[in-house]
1. Based on Cβ point charges of +1 for Lys and Arg and -1 for Asp and Glu, what charge dipole magnitude is obtained for the range 3-312 about its Cα centre, in debye rounded to the nearest 20?
2. Considering Cα pairs under 8 angstrom that are at least six residues apart, work out the relative contact order of the chain and quote it in whole percent.
3. Please report TRP114, TRP148 as a ranked list, fewest other C-beta atoms within 10 angstrom at the top and most at the bottom.
4. Once you've got the Cα coordinates, tell me which of LYS178/LYS292; LYS45/LYS178; LYS210/LYS271 are over 26 Å apart.
5. How high is the FRET efficiency from GLU126 to LEU159, r the C-beta distance, R0 25 Å, rounded to 0.05?
6. Under the 0.36 nm per residue contour assumption, what length would be gained going from the current alpha-carbon distance of ARG214 and THR277 to full extension?
7. For each of VAL193, VAL88, count neighbouring Cβ atoms within 10 Å of the residue's Cβ, then give the residues from fewest to most.
8. For SER73 and GLU107, calculate 0.36 nm times their separation in residues minus their Cα-Cα distance, and state this gained length in nm to one decimal.
Amino acid sequence: MTRWMAQWLLPALLALSGTSCATSHFSAARSGPFLSTSFRDADQKYLRFLYSEDGYRWTNVPGTFLEATVGVSRQFRDPSLLRGPDGVFRLVWTAGWHGDPGFGYAESRDLIHWSEQQFVPVMTHEPATVNVWAPELFFDAGQYIVVWASTIPGRFPDLLEKHDNNHRLYFTTTRDFKTFSPAKLFFDPGHSVIDAFIVGGSGHYVLLCKDNSRPNLNLRVAFADSPLGPWQDESKPLTQKFTEGPCALNVGGDWLIYFDAYREKVYGALKTRDFKTFTDVTREVSFPENHKHGTALPVPREILDGLLKRAPAEFKTPE
């Protein structure tokens, strides 16, 4: 561990415990209710939810809540949800595997009634872009940050990667989801990388991501003084090969990092208090069958009650 990282950790932990999860994915130690976005590989069209009272045992919220209608592929994957300081939930998602140079966006106050969907074409200035994968939301200093992974063939050395599957992370910022800053490079660790998730505040930030290089295909963390980087001290792999889609949730003073072990078809978790040492608690968590990765966050009790009370007959697809 570098001296910079050691000096960072203690004040970072103090800052993390006081940051509002409603705006930056962090919360003070607390119990539920918690909500997680979800999708299923079987259809890749619909927004689904899970809920939990303790962050360890998760249950399906019956039904579906949004059907993707934007983008060339009209696909729905990797839903990232954040509740802004105005109480509005913002949702972004992967609109297509390939050929869609942007992501989907919609907003809601109750997670039942949604705005008209829009397609945000963030990579049209790079016509060779292969994809825009797993957009992730973060709020800091009055603006929303959206981070995603794209491949621009030939932009970086391929090494062991396929020419059309060599990702780096990019970002845009917005205050109103109408006007967006030009997309810029967010993180280039010298290897293919996808699935960004930012946590932190008050000048101390952690980036969870997937090392998508062929030898690894597992999760790492990096650190910065700003949510826009530069990111330093990338860790050694935290998980086994074939894991992706990390998100973090503060539960009772511990940080649970959920991840998708996609080859094993298991949803796992790590526990940490300092983002330096980690304990695998996969055997302690349970998730519904077929759940695919999304974002977990605390929600007001009335929001969860509203979702659970919604009549199944109103849903677009049966369970």
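1. 220
2. 19
3. Fewest-to-most ranking of TRP114, TRP148: TRP114, TRP148.
4. The pairs that break the limit, which is 26 Å between Cα atoms, are LYS178/LYS292.
5. Efficiency for this residue pair is about 0.75.
6. Fully extending the segment from ARG214 to THR277 adds 20.2 nm.
7. Listing VAL193, VAL88 from fewest to most nearby Cβ atoms yields VAL88, VAL193.
8. Full extension of this stretch gives 10.2 nm more.
Coordinate-derived values only; no laboratory data. The model shown is predicted, which means the values in this text are computed figures rather than measured ones. Every residue, glycine as well, gets a Cβ built from its backbone with ideal geometry; the counts of neighbours run over all protein chains shown.
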